[in-house]
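Below: the structure, in structure tokens.
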Amino acid sequence: MEGADSDGPRHDGVFNIYLDEFDKNWASKINDFNYIILNSGYWFSRLPVYYEKNQLVGCGNCLTKMPFTSNEKTLEGLDLEFYKSQVEEFREAEKEGKRKGKRFRLMDVTHAMLLRPDGHPSIIPLHHTSKWYHATNLPNHENSSTYHIEDMEIKIMDDETCDISIGEWIPNPDGPYYTNTTCWAIHEHQNCMKYGRPDTDFLKWRWKPKGCELPIFNPYQFLDMMRNKSLAFVGDSVGRNQMQSLICLLSRAVYPIDDSISPDENFKRWKYVDYNFTLATYWSPFLIRMNETDADGPTKTGLFNLYLDEADDKWATQIEEFDYVIINGGHWFTRCSVYYENNQIVGCRYCQLPNVTDLPSTYGYQRAIRTVLRTINNLENFKGITLVRTFAPSHFEGGEWNKGGNCVRERPFTSNETSLEGLHLELYTIQIEEFKAAEKEGKKKGKRFRLLDTTQAMLLRPDGHPSRYGHWPNENVVLYNDCVHWCLPGPIDSLSDFLLHMLKLEGRRSHEEKLQFMNQ
């Protein structure tokens, strides 16, 4: 490009544009850079004279004071044409670049900036002022997009082909990212450092998927992605353990306020005011309707009536308002239970009741998970995404939980040192089967299910449990070694790495759906 007339008929210049030649001012300078961010568009509305092969081929204001909402404004006209041209040419370049070892990424900020008519200088006396934004008035989301792109980088494989569920734990000298003194959300039973755990090496590992990378959790990025959204954890105390880990990781950026409707600790709600992000937990260890009929029971762990075809109303009547719901469960199904279907007893597990058939825990678990996912599929007003978080195995060695079992290892397993087997394998297999069935049915109803598969990662962490470090050694109470829950900080923090990865994939899916819609 070169200026042919600094004034021109519209007082904004006349330019000779050589359509088949790079601008050497940048093309000769970029070889040494790792990332190149390209943008253009506005100057093409000025008066141009077009050249190809050196041959001639042819020759506002803004007073809005508030952002648009997404249903008030759509991309159209010349802006839409510019945008579609960028996306089309990006895709072509990306496709060609893969063959040459070049990497292109789409830094798509168009929709965000389309909704900000209030950010221009307006009457400041510059030609075409309405295409500039006040430097001090808008949050620096384009810089946020830069670290978003960097975090989205997946070595060797694209996100969609990277199976983050398979991999190894590798050393991470930067961990942990909070401590038991900087986060108030840690329950006493998972506060391993407070109660004297002597080793800290278990805090210095991160999950490395096979053939690709999983970025460490970025609290600012997570909060930005969850702006004006909500997330609920539904399940047992391991799910609550995961939620507390998330709060601690987010504490590096900001703490929430308690926005709970009830004082019950099993049903908490937190609000991140600056981001309008709501985080909630619904403790439902069986996920289905239940009542405890004997606090002791045949094995001293209680006796429960489980209604296998009825979801627990404590969460089922609440989740329609949430954008994301994380479901987990499994550990409680080994307890003594009486199984009901259609309000009739169909069997039990170790109930020792006369004339009642003894059934395995997997019978109750499979039907419960099926009921839970069917319930979600039948919630007409639920428009969110359900993430089924797979089973996190326990690591008792030397006996069962109530027979002297313990977990005293100080390093992760490698993937060839252990494998999923026995009841843990059965529970995991049931989750996968029922997830696939629910996902298939959900597609017919416009429901979205995603698998948050963390089982292999947590199987390899026998070193991450509280063991006896969830209480003082001289406490006058009957307490068992805890090889089910996870120390905080600890390996469960990596589940937020998995979660953020899933959110990124959802963002990409949403973006691609919008592009397909616009191209129709």
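The values are calculated or read from the model by the stated rules, or taken from the named source; none is laboratory data. Bear in mind the structure is a predicted one, so any value in this text is a computation, not a measurement. Every residue, glycine as well, gets a Cβ built from its backbone with ideal geometry; the counts of neighbours run over all protein chains shown.
Could you tell me how many of the residues in segment 316-354 are part of a loop (DSSP other than H, G, I, E, B), under 18 Å from Arg367 (Cα atoms) and either outside the structural domain of Thr375 (by TED's automatic domain parsing) or charged (D, E, K, R) (or both)? Residues flagged as part of a loop (DSSP other than H, G, I, E, B), under 18 Å from Arg367 (Cα atoms) and either outside the structural domain of Thr375 (by TED's automatic domain parsing) or charged (D, E, K, R) (or both) within segment 316-354 amount to 1. Of the residues Gly347, Gly384, Gly404, the single one that is modelled with pLDDT under 95 and more than 17 Å from Gly330 (Cα to Cα) is Gly404.
Please enumerate the residues belonging to segment 256-314 that are aliphatic (A, V, I, L, M) and part of a strand (DSSP E or B). Residues satisfying the conditions are Ile257, Leu279, Ala280, Ile288, Met290, Leu303, Leu306, Leu308, Ala311.
Residues checked against (1) under 20 Å from Tyr324 (Cβ atoms); (2) assigned by TED's automatic domain parsing to the domain that holds Ile216; (3) not basic (Lys, Arg):
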residue: Ile430; (1), (2), (3): no, yes, yes
residue: Glu434; (1), (2), (3): yes, yes, yes
residue: Arg461; (1), (2), (3): no, yes, no
residue: Arg468; (1), (2), (3): no, yes, no
residue: Cys487; (1), (2), (3): no, yes, yes
residue: Met502; (1), (2), (3): yes, yes, yes
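State whether the residues of segment 398-411 include one that is in the same structural domain as Met502 (by TED's automatic domain parsing), surrounded by fewer than 22 Cβ atoms within 10 Å (Cβ to Cβ), of a type outside the set (A, V, I, L, M, F, W, C) and in a strand (DSSP E or B). There is at least one residue in segment 398-411 that is in the same structural domain as Met502 (by TED's automatic domain parsing), surrounded by fewer than 22 Cβ atoms within 10 Å (Cβ to Cβ), of a type outside the set (A, V, I, L, M, F, W, C) and in a strand (DSSP E or B).
Only one entry in Arg91, Arg116 is modelled with pLDDT of 85 or more, over 30 Å from Gly464 (Cβ atoms) and of a type outside the set (A, V, I, L, M), namely Arg116.
Among the residues of segment 462-520, those identified as modelled with pLDDT under 75 and under 26 Å from the mean Cα position of the chain (by Cα) are His511, Glu512, Glu513, Lys514, Leu515, Gln516, Phe517.
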